[in-house]
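Rule-based calculations on the coordinates, nothing more; no lab input. Computed from a predicted model, the values in this text were never measured in an experiment. Cβ sites come from the backbone with ideal geometry, for glycine too, and all protein chains shown count toward neighbours.
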Amino acid sequence: MAAVKPIQKIPISSLERLGIVFNIENKSQGIQENLRALSNVHVTGVVLVFDVGIFVHIVEVQLMRLKDKVAIITGAANGIGLAAAERFAGEGAAVAMADYDADMGITRAQELKEKGLNAEFFQVNVADRQSIDSMAEAVKAAFGKIDILINNAGITRDGMLSKLSPDDFQAVMDVNLSGVFHCTQAVLPFMLEQGRGKIINTSSVSGIYGNVGQTNYAAAKAGVVGMTKTWAKELGRKGINVNAVAPGFISTGMTAKVPEKVIGQMQGMVPLGRLGKPEDIANAYLFLASDESDYVNGTVLHVDGGIMM
Ligand SMILES: NC(=O)c1ccc[n+]([C@@H]2O[C@H](COP(=O)([O-])OP(=O)(O)OC[C@H]3O[C@@H](n4cnc5c(N)ncnc54)[C@H](O)[C@@H]3O)[C@@H](O)[C@H]2O)c1
């Protein structure tokens, strides 16, 4: 059973779209049974019903937005990817946590399993096509299909242009740009086969506006936007949506390396007055992975507290 999370309030009109209509005769217990019969609704145990006029207007349920979906999340052993793995599995997905870091990945996947979530670790180096192909095959063998790919793995090797080494330039391109290309190409046949899929790429505020000391990172993340829009055009008619998320400054291991003074300056740039949390980005991934975004394609969703407007 999925972890119990905060219950959402949803209007009866949403339930009607899911195929159930309640009348005033419904008692709470009966409604719970009706909801349990629905494939994409998970009842957390308590359903509160408020009657207004002759219709029930609000019930409290937890929607399972990714029930029966299989999602690969790269870079899922830490930070944003880990938050996304937990969020997706909590919404009913089988999650393949694909990461280079096996020690952390195995431990984190085990922790999610102990919470009753469906998550498995798969080791991959997204800079190595052979490793990616093996991972994609292993996920298909374990879970039977691949519905969602979150290209989240990423690294930084910052340096001012005058000092940036060609090796550091290339390393970031290999993971942050080529990695996205190779993972998507490896997974694409499985999505084409079923005529449906969701691909979500991770760009960055640096890729949109540039950032001092990040020639390599900004170039790769801008390239991700170009690939996203191209694939959205190529794959839309084949039932595959391709979108990107551009996070702002998010508190993870990646930003932990940044000096405190610079973090303070970053925070000062954010109209919401705080750095983002990994969960803020996981929520955006979730929207773009769920059926709720079926008509969203080729978009770059900025999740940055309003840094640049
Ligand atoms: N944290 C931020 O402020 C921020 C801002 C904008 C964009 N992003 C992007 O969000 C994504 C996640 O970043 P994060 O902050 O969670 O970083 P993180 O460093 O916390 O996690 C990155 C994960 O990617 C994995 N990884 C690195 N290289 C890999 C490889 N070659 N193969 C497989 N896995 C690999 C790491 O092991 C790690 O688990 C990245 O693409 C990053 O560029 C982050």
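Figures for the structure shown
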{"item": "Using a Förster distance of 25 Å, the FRET efficiency for D101-V300 (Cβ separation, nearest 0.05)", "result": "0.35"}
{"item": "Cα shape, segment 153-309, gyration tensor, a/c 1.5 rule", "result": "oblate"}
{"item": "Protection proxy ranking, peptides 250-261, 209-220, 76-87, average beta carbon neighbours within 10 Å, highest first", "result": "76-87, 209-220, 250-261"}
{"item": "Gain in span if fully extended, V262 to D133, counting 0.36 nm per residue against the direct Cα distance", "result": "42.5 nm"}
{"item": "Label zone at M160, where the point sits 7 Å out along the Cα-to-Cβ direction: segment 243-259 residues whose backbone N lies under 19 Å", "result": "258-259"}
{"item": "Relative exposure of M104, M269, judged by other C-beta atoms within 10 Å (fewest first)", "result": "M269, M104"}
{"item": "Sorted by Cβ neighbour density within 10 Å, fewest at the top, the residues R108, R129", "result": "R129, R108"}
{"item": "Mean Cβ neighbour count within 10 Å, used as a protection proxy, ranking 196-206, 130-140 highest first", "result": "196-206, 130-140"}
{"item": "Around N243: net Lys/Arg minus Asp/Glu count, Cβ-Cβ under 13 Å", "result": "+1"}
{"item": "Rounded Å value of the spacing that divides the Cα centres of segment 242-309 and segment 133-173", "result": "18 Å"}
{"item": "Near-label residues of segment 103-137 by backbone N, under 19 Å of a point 7 Å along Cα→Cβ of T230", "result": "127-129"}
{"item": "Sum of side-chain charges, A186 neighbourhood, beta-carbon under 14 Å (Lys, Arg +1; Asp, Glu -1)", "result": "-2"}
{"item": "Global geometry of segment 115-218, whether rounded, prolate or oblate, following the gyration tensor of its Cα atoms and the 1.5 cut on a/c", "result": "prolate"}
